[in-house]
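Student: Below: one structure in structure tokens.
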Amino acid sequence: MDQTLYVVILLIALCSVSECAQRQYHFINENKTWTEAQRYSNTGLVFVNQLKSWRDAQSYCRQNHIDLVRVRNQNESQQVQKIISDNHASGSYVWIGLFRVRDSWQWSDQSNSSFRYWKSGEPNHVGGNEDCTMIETTPGRWNDISCTNKFPLVCHEDKLIVIRENLTWSEALRYCRQNHVDLVSVHSEEIQRRVMNVVKRASTAAVWLGLHNYCIMNMWLWVSGEMVCYQNWAPGNGTTPENCSLENRKGAVQSGGDQRWISLPESHKLNFICSRN
């Protein structure tokens, strides 16, 4: 092996160990609005000014965002209260994602948190059917109430978005950088779970990731500059030398099945996932 190439590969290997241990991913935060909701990107919250029952609110958030908002501490409670206050919510109440299952309270997104901010005397389960939770717009305390009532809602939103346009990998990369931040980099199991949550909305069998292969070294890298530490390859993909004699190979995630990563020619036209502000 040429000595120079050997040194380069050795340096890359050393960098990969360091980056896998230390690199973190950061998003740029900006506030954006749309016609029926106010999106607070720096908090991951979306206020929806539509009157819905709790179940309809849960369904709306799951279809369009992640889930009804969960409130795990006082800081998050203040963030929810601020987005409600800033949007001058119609009426006095807004849905959050806490609901009763038998004799215990759970968050809609199944996250664990013992934080509660009940109004004095609540929850009181009047009539035995107050199984959902709303937040009073002033002063921001919680109250249990029947799930059939209709209030505005607050959703928890992801920083990832599936673009349902069929583009080559290079076109998808350009689109994400012009309109959002970048093609998504999946450098942890947590990010993979978020990808799995949004990729189900895709219209193609696979969806582009920000993953590309350097054939000369048989090495996969993320467009964000990170090494591929966490991996979720489908069998027969990503772990053997790629055939780049015809065209370069890029990484995609399956939109169905167990949603693992696959290697495809870069000219394939697929939906893709952008990280966004």
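Student: Hey, any hits in the range 175-184 for a residue that's under 23 Å from Gly257 (Cα atoms), surrounded by 17 or more Cβ atoms within 10 Å (Cβ to Cβ) and touching a residue at least 40 places away in the same chain (Cβ under 8 Å)?
Tutor: Yes.
Student: In the range 101-132, what count of residues is obtained for those that are surrounded by 16 or more Cβ atoms within 10 Å (Cβ to Cβ) and polar (S, T, N, Q)?
Tutor: 2
Student: Need the failing condition index for Ser77 against (1) assigned by TED's automatic domain parsing to the domain that holds Asn248; (2) assigned to a helix (DSSP H, G or I); (3) of a type in the set (Gly, Ala, Ser), just the number.
Tutor: For Ser77, the failing item is (1).
Student: Can you pull out the residues in the range 180-237 that are among the charged types (D, E, K, R), assigned to a loop (DSSP other than H, G, I, E, B) and farther than 22 Å from Asn271 by Cβ?
Tutor: Glu226
Student: Based on this model, can you work out whether Glu157 counts as crowded, with 17+ Cβ neighbours inside 10 Å, in contact (Cβ under 8 Å) with a residue 40 or more places away in the chain and closer than 26 Å to Glu76 by Cα?
Tutor: Details: crowded, with 17+ Cβ neighbours inside 10 Å: yes; in contact (Cβ under 8 Å) with a residue 40 or more places away in the chain: yes; closer than 26 Å to Glu76 by Cα: yes.
In short, yes.
Student: Mind checking which residues of the range 95-150 are closer than 19 Å to Gln81 by Cβ and of a type in the set (D, E, K, R)?
Tutor: Arg116, Lys119, Glu122, Glu136, Arg141, Asp144
Student: Here is a follow-up. Criterion first (part of a loop (DSSP other than H, G, I, E, B), more than 18 Å from the chain's Cα centre (by Cα), modelled with pLDDT of 95 or more and outside the structural domain of Ser111 (by TED's automatic domain parsing)) does Thr240 satisfy it?
Tutor: Values: part of a loop (DSSP other than H, G, I, E, B): yes; more than 18 Å from the chain's Cα centre (by Cα): yes; modelled with pLDDT of 95 or more: no; outside the structural domain of Ser111 (by TED's automatic domain parsing): yes.
For Thr240, the condition - part of a loop (DSSP other than H, G, I, E, B), more than 18 Å from the chain's Cα centre (by Cα), modelled with pLDDT of 95 or more and outside the structural domain of Ser111 (by TED's automatic domain parsing) - is not met.
Student: Considering the range 139-171 alone, what residues qualify as being hydrophobic (A, V, I, L, M, F, W, C) and not in a loop (DSSP other than H, G, I, E, B)?
Tutor: Within the range 139-171, Trp142, Ile145, Phe151, Leu153, Val154, Cys155, Leu160, Ile161, Val162, Ile163, Leu167, Trp169 meet the criteria.
Student: I would also like to ask the following. Residue under question is Ile191, and the condition is that it be touching a Cys at 6+ places or on another chain (Cβ under 8 Å) and of a type outside the set (Lys, Arg); does it hold?
Tutor: In short, no.
Student: Can you tell me which residue is surrounded by the fewest Cβ atoms within 10 Å (Cβ to Cβ) among those in the range 185-224 that are free of Cβ contacts under 8 Å to residues at least 12 places away in the same chain and not basic (Lys, Arg)?
Tutor: Ile216
Student: So, in the range 80-101, of the ones that are assigned to a strand (DSSP E or B) and in contact with a Ser or Thr (Cβ under 9 Å, 6 or more places away or on another chain), which residue ends up modelled with the lowest pLDDT?
Tutor: It comes out as Tyr93.
Student: What are the residues in the range 244-255 that are of a type outside the set (D, E, K, R) and either out of contact with any helix residue (DSSP H, G or I) (no Cβ under 9 Å at 6 or more places or on another chain) or free of Cβ contacts under 8 Å to residues at least 40 places away in the same chain (or both), if any?
Tutor: Within the range 244-255, Cys244, Ser245, Leu246, Asn248 qualify.
The values are calculated or read from the model by the stated rules, or taken from the named source; none is laboratory data. Just so you know, these numbers come straight off a predicted model, no measurement behind them. Note that each Cβ is placed from the backbone with ideal geometry, even for glycine, and that neighbours are counted across all protein chains shown.
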